[in-house]
Amino acid sequence: MLAAELNLGRMPVREAIARLAKDRFITVIPRRGAIVTPLTLDDVLDIFEAREAIWCGVAYIAATRASADDLATLRGLVATVDAVRLTSDSEQFLMDDFAVHTYLIRMVRNPLLQDAADILLRHSIRFWRLYWKNRPADSEAMLSHLSLLDALERKDPTAAEEAMRAHLQASRLLVKQLF
């Protein structure tokens, strides 16, 4: 049915479903179909733990490899997401925050690390969409990347790693306070 609805062949749809299942976004139930994998609190905490392990390394490496052009682009992306924080538009914030993180991943120039960081980022975005779906957007929960940007501009990998860790720990604290 999905293949017909999307006007695609059955193989591309099967491959997409297999990838979504491999990445744990859906759960395939044999001979019944597929469902969106529910997110439990333990799943969310696992996402944060994995993000801290990977993203702190991304920040560290980015500080050692960032070019002047990379930093100029990132500076613009951070300014954009910070401006959206003031509007409390959670969906726009998520899209702009995704752009910041996606560009940061690109700055490391390591395809394997990019793949690992990307999947964690997508799980994180999924969680935050659910988080803000049932509560008003709060600019305090929309964290800034200015301290990370500052460390990257100073080419200080240790400070970049620490800024990313602080960013992720602040996010995790918001979730723990909620539950």
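The values are calculated or read from the model by the stated rules, or taken from the named source; none is laboratory data. Being a predicted model, the structure only gives us computed values, none of them experimental. Virtual Cβ from ideal backbone geometry, glycine too; neighbours counted across all protein chains shown.
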Item to check | Residue count for the range 16-62, restricted to those that are β-branched (Val, Ile, Thr) and under 30 Å from Thr158 (Cβ atoms) | outcome: 5
Checklist entry - Taking the range 117-158 only, how many residues are free of Cβ contacts under 8 Å to residues at least 12 places away in the same chain and acidic (Asp, Glu)? => result 1
Checklist entry - For the range 19-75, which residues satisfy the criterion of being under 19 Å from the mean Cα position of the chain (by Cα), among the β-branched types (Val, Ile, Thr) and exposed (fewer than 12 other Cβ atoms within 10 Å of the Cβ)? => result Val36, Thr40
Checklist entry - Based on what the data block shows, is Ala137 among the small types (Gly, Ala, Ser) and either closer than 18 Å to Ala79 by Cα or in contact with a Cys (Cβ under 6 Å, 6 or more places away or on another chain) (or both)? => result no
Checklist entry - Which of the residues spanning the range 101-115 are buried (at least 19 other Cβ atoms within 10 Å of the Cβ) and either touching a Lys or Arg at 6+ places or on another chain (Cβ under 8 Å) or among the aliphatic types (A, V, I, L, M) (or both)? => result Leu104, Ile105, Met107, Val108
Next on the checklist: If I filter the range 137-144 for residues that are closer than 21 Å to Ala50 by Cβ and surrounded by fewer than 16 Cβ atoms within 10 Å (Cβ to Cβ), do I get at least one hit?
Outcome noted: no
Item to check | All helices (runs of 4 or more DSSP H) inside the range 1-93 with 1 or more residues being modelled with pLDDT under 95 and at positive phi | outcome: none
Checklist outcome for this item: Only one of Arg75, Arg85 is more than 22 Å from Ala117 (Cα to Cα) and in the same structural domain as Leu130 (by TED's automatic domain parsing), namely Arg85
Next on the checklist: Please verify whether Asp96 is surrounded by 14 or more Cβ atoms within 10 Å (Cβ to Cβ), part of a helix (DSSP H, G or I), without any contact (Cβ under 8 Å) to a residue 40 or more places away in the chain and of a type outside the set (A, V, I, L, M), treating the condition exactly as stated.
Outcome noted: yes
